[in-house]
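Reviewing the structure listed below.
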Amino acid sequence: MTQKTKVAEKVQMLDIYVMGKHYQVPEGLTIQAALEYCGYNLIRAVGCRSGFCGACATVYCFKNDPQLRYALACQKAIEQDMYLTQIPFFPVAQALYGVEDLRPEEGENRLVGLYPDILTCFGCNNCTKSCPQDLEVMEFMSAAIRGDYEKVYEKSFDCLMCGLCAARCPQGLRPYVMAIAARRLRGAYLAPTSQHNLDRVKEIEEGKFDDEIGKLKEMPGDELRELYAKREIEPAL
Amino acid sequence: MPYPASMEESKRKMEETRAKRLEKGLASRVSAEEREVLVNKFHPDFIKEQFRELRVGPNKGSRTPLEIADLLEGNSRIDPDKIDLAGIDYDVDVLVIGCGGAGGSAALLAEENGASVLISSKLRLGDANTIGAQAGTQACDRANDSPAIHYLDVMGGGHYVNVPELVEALVTDSPDVIRWLESLGVNWDKEPDNSYHELSGGGASRRRMHSCRDYTGLEEMRVVRDEIRQRNMHGRKIDWLEFEPAIELIMDDQGQVAGAILMNLETRRMRIVRAKAVVTATGGLGRTHIQGFPTTNHYGATADGLVLAYRVGCPIVHMDTMQYHPTGAAFPPQILGFLVTEKVRTLGAELVNCDGEQFIHPLEARDTEASAEIRECKERGKGVTTPTGEVGVWLDSPMIEIRRGEGTIRRELPAMVRQFGRFNIDITKEPMLVYPTLHYQNGGIVIKADASTPVPGLFAAGECEGGVHGRNRLIGNSTLDLFVFGRRAGRAAAKWAKEVELGKLTLEHIRKWQREIKEAGLEEMPVSPMLLPNYANQERPVPGFQPLGQISPYTPFGDRAIRWI
């Protein structure tokens, strides 16, 4: 269990700059691990460490290249001469709605209703460029303006809600919070009803399976094991 | 070429046997006897020297992993003599500690049932293991399925030690959980005939895994989180504090749980919350790196809820059993231990050794799959070694496209495609190298079917509770557990809060605890709850520096070329 923290000799060290300070770190670390290697014990801007939560969204550039780049710090390996930081928090104002207010009405664009400022999008595409998931953010913004809920759902589905798109929008738009309203609208009202599920919920409420489960709960271990071993398994493929 | 030359030969062998393996079909299933032998011999739960008996507390004498025993027997972070409980900062009906799927749904249901709710979240609202759950949520809602069939799968998967009442709750609530989440706006995958798109999974005898691409937990969590925010904005009585975990529970002089002490992680100031009921929904413990395993878990998964509950006298169950997910990434090193969803095997990918042989049916229960991989690598020497010294087996993902048609992977597994793509591995054409990774705590706080614990006023939901899954949880039952017991805990806590009369607040239980560990000679144990792992490189600290988290033996860069993150 005790591991020495010595650096293997053959590993190459890279120069990076963490909030302006120079450090040398071994090649191969992610941005997040590199910060820890430099001695930072992270509290903010760290979450699932697997690319799902968006907590570690980060903006970086290179020493001699002013172009800003975007990534998740837990998913991006460091490169020579990176200028690094992480974004601990970014303020956002959300529209007020209840899921019941999202029910779409014919001839009315609910998304423009909630977020009228989306009409001021002038297509600079900064949102798309800043997305660490490589989503086509501007496309789903256009779809929202058109009231195409399905397309907003489709194009924004892999959004981690990290907020970089809002941070970079010159118009102060907040694509990621608009998109969750669109997706909830779609999930709650536009997705087709799966009747078999509702039927089963009703059957359970009516107690249809109570006896059967009751029997299983009382069943001696040996019988349960036998039943399990003999159970029919639906083909997986 | 994404894989280094040293791994190429084995990869080529695996590709050469693919046609033959497709023709032959999946390996035969292991029998119950074979499973017991395999698991007992190779599963990490059975390595004796990695466990010890607890020396204090309600589970004195219970076999517990070393890392967790250290935390459970730890010193409190507070000195009760220096805390004035009269200065109450929040006075609420229900305090929910933790805000993943379980805490989030508990908070919503408590609020709906008339309680005022405060959520204490260690990281941001919703930064939890829930968000990384990929494969799906089990629910027995198809015509050929039933709660009884689901029940049997859960019991068998758990080696029959599960608590029957909890399993009953799990399976009978399952279809309604799917319905409830959809009513809040979760977008489940559907078939052209409008039924749910449902896949099979390890240990499941029916196709009952409901998914949202391979971002199921993310979709569930962001909808629940949005609902909490919206209710708050509407002035309803639900609020939260981020980066303010609970560091100790408060009791009253009647022996009831009556609130908690929170600590702001940045300022290290404390806040006192009086609550008529407390729900612990603190999730798992992967960041304790049991037995040195890498983990799929989020940064805050440090078993805090277990420690809090244990100190108010609440027993825990099945703490000697952990789930090692069979497919954690073993390459590239930047994502070591990272979860490769079981959905990959559900869709038709096989596990293959360095000689291109399939060595286990890909849809056995997780303990069985993990044990088979360990056997393959450790006993039979048929693992593939990476340049950084990790060992793993191939997960032959390109088979999915052959079995289910081109485009399946991109449609069903966009997260996996994206994440391996970031390291130049195209999983539609290349396999992944995998090895077991610490994934889930099977056991936890003892609860009844309404999520109440043996300690009055304390409720528990989600991964931190135990008994639901026995000694091995099945795929898709964790996200189900969150919402089943989260909702039950929220309802029960709100009801309890209406009825209870709180007495005088006290920290006497902490004094008693400190006396107990002193008597047992355990004063040198670390402080707990752990709160966060400390991965910071410890070179040259200022003398006397007290780090917030426990210094982890796992640095991002250890004696092997690259350590897990």
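The values are calculated or read from the model by the stated rules, or taken from the named source; none is laboratory data. Everything numeric here is computed off the predicted structure, so don't read it as measured data. Neighbour counts are summed over all protein chains in view; Cβ atoms, including those assigned to glycine, are modelled from backbone coordinates with ideal geometry.
A few points about this structure:
- Out of B:L308, B:L249, B:L265, sole residue that is within 14 Å of chain A (Cβ to nearest Cβ) and within 23 Å of the chain's Cα centre (by Cα): B:L265
- Residue check for A:C127: away from chain B (no Cβ under 14 Å) and farther than 16 Å from A:L160 by Cα: no
- Residues of the range B:291-306 that turn out to be small (G, A, S) and surrounded by fewer than 24 Cβ atoms within 10 Å (Cβ to Cβ), as a count: 1
- Inside the range B:389-418, residues that are of a type in the set (G, A, S) and either touching a Leu at 6+ places or on another chain (Cβ under 9 Å) or buried (at least 24 other Cβ atoms within 10 Å of the Cβ) (or both) make up a count of 3.
- When B:G328, B:G313, B:G421 are checked against the criterion of being at positive phi and either within 14 Å of chain A (Cβ to nearest Cβ) or surrounded by fewer than 24 Cβ atoms within 10 Å (Cβ to Cβ) (or both), B:G313 stands alone in meeting it.
- So A:D101, is it surrounded by fewer than 20 Cβ atoms within 10 Å (Cβ to Cβ), out of contact with any strand residue (DSSP E or B) (no Cβ under 6 Å at 6 or more places or on another chain) and among the acidic types (D, E): yes
- Positions within the range B:533-565 being more than 7 Å from every other protein chain (Cβ to nearest Cβ) and either assigned to a helix (DSSP H, G or I) or modelled with pLDDT of 85 or more (or both), in sequence order: B:P533
- Across the range B:234-269, the qualifying residues are those that are at pLDDT 95 or above and of a type in the set (D, E), and the one among them that is nearest to B:L532 (Cα to Cα) is B:E244.
- Within the range B:186-209, being more than 9 Å from chain A (Cβ to nearest Cβ) and either touching a residue at least 24 places away in the same chain (Cβ under 8 Å) or buried (at least 22 other Cβ atoms within 10 Å of the Cβ) (or both) holds for B:D189, B:E198, B:G202, B:G203, B:R208, B:M209.
- Residue in the range B:127-138 that is surrounded by fewer than 24 Cβ atoms within 10 Å (Cβ to Cβ) and either out of contact with any Leu (no Cβ under 7 Å at 6 or more places or on another chain) or assigned to a loop (DSSP other than H, G, I, E, B) (or both) present: no
- Of all residues in the range B:330-354, those satisfying the criterion of being assigned to a loop (DSSP other than H, G, I, E, B) and touching a strand residue (DSSP E or B) at 6+ places or on another chain (Cβ under 8 Å) are B:A330, B:F331, B:L336, B:G337, B:F338, B:V340, B:T341, B:E342, B:L347, B:A349, B:N353, B:C354.
- A single member of A:P192, A:P220, A:P235 is within 27 Å of A:L96 (Cα to Cα) and either loosely packed, with under 14 Cβ neighbours inside 10 Å or not charged (D, E, K, R) (or both), and it is A:P192.
- Among residues that are under 22 Å from B:F485 (Cβ atoms), away from chain A (no Cβ under 14 Å), within 15 Å of the chain's Cα centre (by Cα) and buried (at least 24 other Cβ atoms within 10 Å of the Cβ), B:T280 is included.
- If you go through the range B:424-448 and keep only what is farther than 30 Å from B:G407 by Cβ and surrounded by fewer than 24 Cβ atoms within 10 Å (Cβ to Cβ), you end up with B:V446, B:K448.
- The condition of being at pLDDT below 95 and among the basic types (K, R) holds for only one of B:R287, B:R231, B:R208, B:R222, that being B:R287.
- For A:R49, the conditions (1) surrounded by fewer than 17 Cβ atoms within 10 Å (Cβ to Cβ); (2) of a type in the set (D, E, K, R); (3) in contact with a Cys (Cβ under 8 Å, 6 or more places away or on another chain) all hold with the exception of (1).
- Flag if A:P132 is crowded, with 20+ Cβ neighbours inside 10 Å, under 30 Å from B:F420 (Cβ atoms), out of contact with any helix residue (DSSP H, G or I) (no Cβ under 6 Å at 6 or more places or on another chain) and at the interface with chain B (Cβ under 10 Å from one of its Cβ atoms): yes
- Of the residues making up the range B:123-181, those that are among the small types (G, A, S) and either at the interface with chain A (Cβ under 7 Å from one of its Cβ atoms) or over 20 Å from the mean Cα position of the chain (by Cα) (or both) are B:G132, B:A143, B:S146, B:A148, B:G156.
Okay, residues lined up against (1) among the basic types (K, R); (2) out of contact with any helix residue (DSSP H, G or I) (no Cβ under 7 Å at 6 or more places or on another chain); (3) within 8 Å of another protein chain (Cβ to nearest Cβ); (4) in a helix (DSSP H, G or I):
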{"position": "A:M161", "(1), (2), (3), (4)": "no, no, yes, no"}
{"position": "A:V177", "(1), (2), (3), (4)": "no, yes, no, yes"}
{"position": "A:R186", "(1), (2), (3), (4)": "yes, no, yes, yes"}
{"position": "A:H196", "(1), (2), (3), (4)": "no, yes, yes, yes"}
{"position": "A:D222", "(1), (2), (3), (4)": "no, yes, no, yes"}
{"position": "A:R225", "(1), (2), (3), (4)": "yes, no, yes, yes"}
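- The residue that is farthest from A:F89 (Cα to Cα), among those in the range A:139-159 that are buried (at least 21 other Cβ atoms within 10 Å of the Cβ) and more than 13 Å from chain B (Cβ to nearest Cβ), is A:A143.
- Just one of the listed residues (B:R225, B:R269, B:R231) is within 20 Å of B:T506 (Cα to Cα) and either among the basic types (K, R) or buried (at least 24 other Cβ atoms within 10 Å of the Cβ) (or both), namely B:R269.
- Residue count, the range A:100-114 (criterion: within 14 Å of chain B (Cβ to nearest Cβ) and in a loop (DSSP other than H, G, I, E, B)): 2
- Counting only residues that are facing chain B (nearest Cβ under 10 Å) and either acidic (D, E) or part of a helix (DSSP H, G or I) (or both), the range A:67-99 holds 1 of them.
- The number of residues in the range A:18-66 being more than 7 Å from chain B (Cβ to nearest Cβ), hydroxyl-bearing (S, T, Y) and within 27 Å of the chain's Cα centre (by Cα) comes to 2.
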